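Student: One structure follows; several queries about it will come next.
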Amino acid sequence: MFTRRSFLTTLASAIPALAAGPVFAGISESVVLRGAHRHDIAPYAYFDETTGTMRGILVDLVNVLDGTGPYTITHNGFPWARAQSMVAAGSADAFCCQATAEREAFAYFAPTPICSLAPARIFFAEGNPNADAIRAARSRRISSGSRLRA
């Protein structure tokens, strides 16, 4: 029997070779992979309210794999802690993130990253009246009513 877990294991190990040949030969059933993305990190992954879909660089990169095997990939956005817990519990199949020891306890990671995220930078005018507060900031906190725009 071909399970979702065995499919994901095969996919993770085969990603570097996808361009080299039909790694899924002999698999006839179609599998729907449920992707869980953080919903608010534009331009990497974000929920587009105008289209009602997840969009962004990570979504586009993962979509490159769609159609290379007997599977379809869906994209859904969640708060990040929820996305991780969904993958850990098996109610979602995949997510894009850095490999950590904690995540490796419940997820398989492809041997080659599909992309690397650049560190965040804040740019502001020197004359900004909030310049000292901006320089002193050490974390980003977004209120629940805030929305990021692409």
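The values are calculated or read from the model by the stated rules, or taken from the named source; none is laboratory data. Note that the coordinates shown come from a computational prediction; the quantities given were computed from them, not determined experimentally. Neighbour counts run over all protein chains shown; Cβ positions are idealised from the backbone, glycine included. Keep in mind that these areas ignore ligands, DNA and RNA; they rest on the heavy atoms of the full protein, side chains included. Shrake-Rupley method; radii C 1.70, N 1.55, O 1.52, S 1.80 Å.
Student: Filtering segment 22-37 down to residues that are open to solvent by less than 60 Å² (accessible area, probe 1.4 Å) and at pLDDT 55 or above, which residue is farthest from the chain's Cα centre (by Cα)?
Tutor: Selected residue: I27.
Student: Any residue at all in segment 11-21 that is surrounded by fewer than 16 Cβ atoms within 10 Å (Cβ to Cβ) and at pLDDT 90 or above?
Tutor: no
Student: Could I ask something else about it? Any residue that is in contact with a Phe, Trp or Tyr (Cβ under 8 Å, 6 or more places away or on another chain) and either at pLDDT 90 or above or more than 17 Å from A45 (Cβ to Cβ) (or both) - is there at least one of those in segment 108-125? Outline the logic, then answer.
Tutor: Kept after step one, since they are in contact with a Phe, Trp or Tyr (Cβ under 8 Å, 6 or more places away or on another chain), are these residues of segment 108-125: 117.
Pick out the ones that are also either at pLDDT 90 or above or more than 17 Å from A45 (Cβ to Cβ) (or both) and you get none.
No, every residue in segment 108-125 fails to be in contact with a Phe, Trp or Tyr (Cβ under 8 Å, 6 or more places away or on another chain) and either at pLDDT 90 or above or more than 17 Å from A45 (Cβ to Cβ) (or both).
Student: If V62 passes every condition in (1) at pLDDT below 85; (2) within 21 Å of S116 (Cα to Cα) but one, which one does it miss?
Tutor: That leaves (1) as the condition not met.
Student: How about segment 92-112: which of its residues are of a type in the set (G, A, S) and under 21 Å from L65 (Cα atoms)? Give the steps one after another, and end with the answer.
Tutor: Here is the first cut: in segment 92-112, the residues of a type in the set (G, A, S) are 92, 94, 99, 101, 105, 107, 110.
Residues satisfying the conditions are A92, A94, A99, A107, A110.
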